[in-house]
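The values are calculated or read from the model by the stated rules, or taken from the named source; none is laboratory data. All values derive from a computational prediction rather than experimental measurement. Backbone-built Cβ (ideal geometry, glycine too); neighbour counts: all protein chains shown.
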Amino acid sequence: MPRKLFSTIAVVGLLVAAPLAGTWALANSQTSMIQAGVAVAAMVLGSLITPSGQSGNRLTLTIAAAAALPFIFLAGDRVDVSGVIGVYLIGSELLVLVEYARSGVLATSFAYAGRQFVGYSIFTLVFALVRDVVGRSLGSSGWEILVPFVAGGVAWIAVELLLWSLAAAGDFRLPTRYVALSGVKDLNVFISLVATGGLFGLMLEPLGWWALPVALLPYSFAHGAFRRFQETKTTYRQTIRALAQIPEVAGLNLTGHSDRTAALAVAMAKDLGLTPEEVEEVEFAALMHDIGHITLNDPTVIEQGWTDDDLARWGSEIIAGAPSLDRVAAHVRRQYEPFRNPGEESDPSVSKAARIVKIASAYDSHRVGSGMSQLEALEELHQGAAYEYDPEVVTSLRRILEAGPVNA
Amino acid sequence: MKPLTIRQIRIAAAYALGGLVCLVALWLRVDAPPLILWSILASAFIVLELRAVEVNDRMLQSSGLMVLLTAGALFAIRSDSSAALAMAAMAALGPILPDGIFKRQWFQPIANFGQMVVSATVAGLLLDWLLSGLVLSTFLLLQVALAGALASLVYTGMNVIMVGYAVRYVYGTRTVLPWSGLHVLLPSQVLMGFLGGLLGAAFHLANKQAVIVLILIVYLFAHLSLSSYSQLREAHQAALRGFVKALEARDLYTRGHTERVAYFAQLIGEQLRFTGTQLERIRWACLIHDLGKLAIPGELVAKRGRLTPEEFKEMRTAARSVEAILAEVDFLRPMVSIAGVHYIDLEKFDASAWSLEASIVATADTFDALTSTRRYRMAMPQTEAYAELRSDPSGRFYPEVISALESALKRTGEVYGGAQMTQSEQLSRAEEAQLA
């Protein structure tokens, strides 16, 4: 178990060695203890401010504080690497405590702080190295700092993404690719934080503490924008969920069917290696796959009767009323189509999302609608895995159900 | 040529001429800014102007202004250049929007060009006067920032005056919609000026181009987020609107009802001088006020004639269950509490729990119902509808709301209900059906 080994090493290392090593590094550096104390305090305070991200990775203003240090801690013309790493070590030790107070789980707090520490250190090392090697040839208008900064930042981002997706993929039992792709969505937040730190570091010498408002004001604009985006995203999902439940409260569908179908469909979509965007489409399509049922209240429909295809068509027409959901509407339109007909190949124009929704909905109908047990419902779906249902999706369903219950 | 076009040409020509005169005069009289530095700032300005986003109802926010004032402060402090020319030349690039070119609009970009150049010149001259020759130290940062805020105020004020004049001249008395929320916008304009001044001064002190690159990175990402936020917000609202439309399209008799109720409520709100946020909330309340209807069993919807008390009760229960779901959405909760009283039990009506906004929605809703042809009766002329609303004993329809509706419709000159309206209503329905 390499993960367990990693976290054990992180726990022992940070608990005992980190403060010692940090103090030793600081003692061997040019950095004064007051400077180091202020920097550690900034790292801890920064961890209290968290911009909204999409991936679930915890990014805080500590990143900005860490990014500023190599600019500020200088020994003559060079970065005081030993001082910077010393502050990182002691700051990370305190971050463990902050994280522990927040999450209550010691192991993940250690893993988190350790992961952050590795990122900070890589950044500082690359920054100092590039600055030593090419810094002098770039003049003194600021590029001699910007180029090493960008190099260090790129290395940092690569390490951060890699470590985070490995850790989170293990924690959430998700494919690493999916986690990494969702991590990429937060790069704007990450880069803004790093740039803010760099800005502060660059301005501290000429401006003194005026550098703080100058660096933080542009950032606060970004912070607000991230928050608004995330809030709207939540609202959007809440609205779709609410609308999807209208047929249920009208008594035209099983209560909770759309929520359960969506939870199962999302789990399958992630398991099948779909991208975060596709997973979101699957979620919306699964939530709204039966929105067409609302039409069953219509007197003319009651008179004339309807088919499954009618329901899918009505549903997709309603969803298509929202231009941004046209792909979701397409998935809903094809949700009843069989995987393939006898003697034919499967139709490639039917999306994976539509096939996933079909199976998730059928499973829930068997379980809740017909009262079958989990095994009976699976058996039923397996019997249709030649023509009716996509066998790959059925296999994924079995994998998910065997791994444990799916929460709506 | 139409008189409107002639008036447009006059204004565009006058404004553009003013702008050109400013540019030429500045070019001849003052020092040009260093080209590379100016180009970096100008490109940032254009990018930000292009990506101006709607952050609130009809309110556009662009951080272009901040960059404009960063440039202003920077070039005013520098001894080798003038803020006025740098800002005017930058502002000249602002109105070039691809949207306008695609739609072949000429009036607005040309008039905007003139108005922005003139405003930028005035703001720039102010900065030059306040800041040139300043030996900058950290003690003076606040002073530069305040000068930036002042210049921003002047720039915004000049723009508003010139746009207002142009619109009044060209269109007569029509209100200037994009600027109606000025009192909301103004603090952010001043703040951006303050920030712009501060950044310009900081940049001058640090004297490193890397600083401007880093600031622009943060701004770029903030702006990208803000514009994806605004896209998402638009998508969310479009989804709700689309849903409501698609759902109500299933009922021939109430087709277009929601949109009309929203329109009446908007008229009333404007008449009562509601703010943009209040108007937006009422609009949403109107759009969702009939969603509860969806859960009503088909046989009740189809029933001709009056419903029995039991059937009414069933209808209310169904509608309430939908409201309960919608109220779980944070965004919709306040709207549901305004709109959710729609299926109110008149015997249990509680005037103290009623609000002005709820009264507006109820009045707009009932007014549209009375002036539309329904299964069981013909449309009522609007004068009779007012009387009917006024004679309602429940207290749901506030007298000031009914009066506001009456005077708003008198102002617009529209007539609803009655025999002739039924015909035009049928026409508009036929059009809607074709569009759908």
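Of the residues in the stretch A:330-347, how many are buried (at least 21 other Cβ atoms within 10 Å of the Cβ) and assigned to a helix (DSSP H, G or I)?
Residues flagged as buried (at least 21 other Cβ atoms within 10 Å of the Cβ) and assigned to a helix (DSSP H, G or I) within the stretch A:330-347 amount to 3.
Of the conditions (1) surrounded by fewer than 24 Cβ atoms within 10 Å (Cβ to Cβ); (2) under 21 Å from A:Ile400 (Cα atoms), A:Leu296 clears all except one; give me its number.
Checking A:Leu296 against (1) surrounded by fewer than 24 Cβ atoms within 10 Å (Cβ to Cβ); (2) under 21 Å from A:Ile400 (Cα atoms), the one that fails is (2).
Yes/no per residue for (1) at pLDDT below 85; (2) within 27 Å of A:Gln116 (Cα to Cα); (3) of a type in the set (Gly, Ala, Ser):
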residue: A:Phe200; (1), (2), (3): no, yes, no
residue: A:Leu212; (1), (2), (3): no, yes, no
residue: A:Arg227; (1), (2), (3): no, yes, no
residue: A:Arg237; (1), (2), (3): no, no, no
residue: A:Leu243; (1), (2), (3): no, no, no
residue: A:Gly256; (1), (2), (3): no, no, yes
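Can we say A:Val214 is at the interface with chain B (Cβ under 7 Å from one of its Cβ atoms) and surrounded by 24 or more Cβ atoms within 10 Å (Cβ to Cβ)? Quick ask: steps written out before the conclusion?
Values: at the interface with chain B (Cβ under 7 Å from one of its Cβ atoms): yes; surrounded by 24 or more Cβ atoms within 10 Å (Cβ to Cβ): yes.
Against the criterion (at the interface with chain B (Cβ under 7 Å from one of its Cβ atoms) and surrounded by 24 or more Cβ atoms within 10 Å (Cβ to Cβ)), A:Val214 qualifies.
From A:Val368, A:Val350, grab the single residue that is assigned to a helix (DSSP H, G or I) and of a type in the set (Val, Ile, Thr).
Working: A:Val350 fails: assigned to a helix (DSSP H, G or I).
When all the criteria are applied, what remains is A:Val368.
Got a sec? Which of A:Leu48, A:Leu26, A:Leu59 is closer than 30 Å to B:Phe221 by Cβ and touching a helix residue (DSSP H, G or I) at 6+ places or on another chain (Cβ under 7 Å)? First the steps, then the outcome.
On the way: A:Leu48 fails: touching a helix residue (DSSP H, G or I) at 6+ places or on another chain (Cβ under 7 Å); A:Leu26 fails: closer than 30 Å to B:Phe221 by Cβ.
The conditions single out A:Leu59.
Kindly list the number of the only condition in (1) within 8 Å of another protein chain (Cβ to nearest Cβ); (2) over 27 Å from A:Asp259 (Cα atoms) that fails for A:Ser220.
It fails just one condition, (1).
State all residues of the stretch A:17-48 that are modelled with pLDDT under 80 and under 32 Å from the mean Cα position of the chain (by Cα); if no residue qualifies, say none.
Result: A:Ala17, A:Ala18.
For the stretch A:314-321, state whether one or more residues are surrounded by 19 or more Cβ atoms within 10 Å (Cβ to Cβ), among the polar types (S, T, N, Q), under 34 Å from the mean Cα position of the chain (by Cα) and away from every other protein chain (no Cβ under 14 Å).
No, the stretch A:314-321 contains no residue that is surrounded by 19 or more Cβ atoms within 10 Å (Cβ to Cβ), among the polar types (S, T, N, Q), under 34 Å from the mean Cα position of the chain (by Cα) and away from every other protein chain (no Cβ under 14 Å).
Let's see how each residue does on (1) modelled with pLDDT of 80 or more; (2) more than 9 Å from chain A (Cβ to nearest Cβ); (3) surrounded by fewer than 22 Cβ atoms within 10 Å (Cβ to Cβ):
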{"residue": "B:Met158", "(1), (2), (3)": "yes, yes, yes"}
{"residue": "B:Val163", "(1), (2), (3)": "yes, yes, yes"}
{"residue": "B:Ser180", "(1), (2), (3)": "no, yes, yes"}
{"residue": "B:Val184", "(1), (2), (3)": "no, yes, yes"}
{"residue": "B:Val190", "(1), (2), (3)": "yes, yes, yes"}
{"residue": "B:Gly197", "(1), (2), (3)": "yes, yes, no"}
{"residue": "B:Leu214", "(1), (2), (3)": "yes, no, no"}
{"residue": "B:Ser225", "(1), (2), (3)": "yes, no, no"}
{"residue": "B:Ser228", "(1), (2), (3)": "yes, no, yes"}
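Since A:Leu252 meets every condition but one in (1) more than 8 Å from chain B (Cβ to nearest Cβ); (2) hydrophobic (A, V, I, L, M, F, W, C); (3) assigned to a helix (DSSP H, G or I), which condition does it not meet?
Tallying (1) more than 8 Å from chain B (Cβ to nearest Cβ); (2) hydrophobic (A, V, I, L, M, F, W, C); (3) assigned to a helix (DSSP H, G or I), A:Leu252 fails exactly one: (3).
Is there a residue in the stretch B:62-81 that is of a type in the set (Asp, Glu), more than 24 Å from B:Gly157 (Cα to Cα) and either buried (at least 19 other Cβ atoms within 10 Å of the Cβ) or at pLDDT below 85 (or both)?
Step one: filter the stretch B:62-81 for residues of a type in the set (Asp, Glu), giving B:80.
Narrowing further to those that are more than 24 Å from B:Gly157 (Cα to Cα): B:80.
In the following step, the residues that additionally are either buried (at least 19 other Cβ atoms within 10 Å of the Cβ) or at pLDDT below 85 (or both) were identified as B:80.
Within the stretch B:62-81 (the criterion being of a type in the set (Asp, Glu), more than 24 Å from B:Gly157 (Cα to Cα) and either buried (at least 19 other Cβ atoms within 10 Å of the Cβ) or at pLDDT below 85 (or both)), the answer is yes, since at least one residue qualifies.
If you go through the stretch A:297-334 one residue at a time, how many are in contact with a Phe, Trp or Tyr (Cβ under 7 Å, 6 or more places away or on another chain) and either charged (D, E, K, R) or touching a residue at least 12 places away in the same chain (Cβ under 8 Å) (or both)? Steps first, answer last, please.
Restricting attention to the stretch A:297-334, the residues satisfying the condition of being in contact with a Phe, Trp or Tyr (Cβ under 7 Å, 6 or more places away or on another chain) are A:308-309, A:312, A:318, A:321-322, A:325, A:328.
Within this subset, residues satisfying the condition of being either charged (D, E, K, R) or touching a residue at least 12 places away in the same chain (Cβ under 8 Å) (or both) are A:308-309, A:312, A:318, A:325, A:328.
So the count comes out to 6.
Would you check if there is a residue in the stretch B:246-260 being within 14 Å of another protein chain (Cβ to nearest Cβ) and at pLDDT 80 or above? I'd like the intermediate steps shown before the answer.
So in the stretch B:246-260, the residues within 14 Å of another protein chain (Cβ to nearest Cβ) come out as B:246-255, B:258-259.
Applying the additional criterion that residues be at pLDDT 80 or above yields B:258-259.
Yes; the residues of the stretch B:246-260 include at least one that is within 14 Å of another protein chain (Cβ to nearest Cβ) and at pLDDT 80 or above.
Taking the stretch B:319-341, which residues are at the interface with another protein chain (Cβ under 7 Å from one of its Cβ atoms) and of a type in the set (Val, Ile, Thr)?
Once the filter is applied, which keeps residues that are at the interface with another protein chain (Cβ under 7 Å from one of its Cβ atoms) and of a type in the set (Val, Ile, Thr), the stretch B:319-341 yields B:Val322, B:Ile325, B:Val329.
Please go through the stretch B:189-212 and give me each residue that is in a helix (DSSP H, G or I), under 15 Å from B:Trp38 (Cα atoms) and without any contact (Cβ under 8 Å) to a residue 12 or more places away in the chain, ordered by number.
B:Ala210, B:Val211, listed by residue number.
Do you know which residues across the stretch A:255-276 are in a helix (DSSP H, G or I), within 13 Å of chain B (Cβ to nearest Cβ) and surrounded by fewer than 23 Cβ atoms within 10 Å (Cβ to Cβ)?
Just the residues of the stretch A:255-276 that are in a helix (DSSP H, G or I), to begin with: A:257-271, A:276.
Cutting the leftovers down to within 13 Å of chain B (Cβ to nearest Cβ) gives us A:258-259.
Listed by number, the list holds a single entry, A:Asp259.
Inside the stretch A:91-204, counting only helices (runs of 4 or more DSSP H) that do not spill past its ends, which hold 2 or more residues that are surrounded by fewer than 20 Cβ atoms within 10 Å (Cβ to Cβ) and within 14 Å of chain B (Cβ to nearest Cβ)? Outline the logic, then answer.
On the way: elements: A:106-134, A:143-172, A:176-184.
Once the helices (runs of 4 or more DSSP H) in the stretch A:91-204 are filtered for at least 2 residues that are surrounded by fewer than 20 Cβ atoms within 10 Å (Cβ to Cβ) and within 14 Å of chain B (Cβ to nearest Cβ), what remains is A:143-172.
Failed condition for B:Tyr263, given (1) under 23 Å from B:Thr371 (Cα atoms); (2) among the hydroxyl-bearing types (Ser, Thr, Tyr); (3) modelled with pLDDT under 80, with all others met?
Failed condition: (3).
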